[in-house]
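J.: What follows is a single structure, and I will ask about it in a moment.
The values are calculated or read from the model by the stated rules, or taken from the named source; none is laboratory data. All values reported here derive from a predicted model rather than from experimental measurement. No Cβ is skipped: glycine too gets one built from the backbone with ideal geometry, and neighbour counts run over all protein chains shown.
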């Protein structure tokens, strides 16, 4: 029986310029037997929706709080600037997610 894949939510994804778009998304897709990108959350719903559409990600969450609270997400990739990591990682861990 196949092992279930980790369902990944990405925080901070800009399709044309972010580290997440250049490194995280291709790496996770290359490991698609183990990981599935299920959603994105950015600083605005519109930005997240644009990133999801541009990169073929099925869902844009309204907020980071919605992403980390979602039962659809097992693992959160925090790909924003370092000064914001503590709050975002703490929220994900507090919601019981892998980071």
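J.: Looking only at the stretch 8-16, decide whether some residue is at pLDDT 95 or above, surrounded by 18 or more Cβ atoms within 10 Å (Cβ to Cβ) and over 11 Å from the mean Cα position of the chain (by Cα).
T.: no
J.: Which of the numbered conditions does residue 27 fail, given that it passes all the others? Conditions: (1) in contact with a helix residue (DSSP H, G or I) (Cβ under 7 Å, 6 or more places away or on another chain); (2) within 14 Å of residue 8 (Cβ to Cβ).
T.: (1)
J.: Please specify each residue of the stretch 73-99 satisfying the condition of being loosely packed, with under 14 Cβ neighbours inside 10 Å and closer than 23 Å to residue 29 by Cβ.
T.: Correct list: 98 only.
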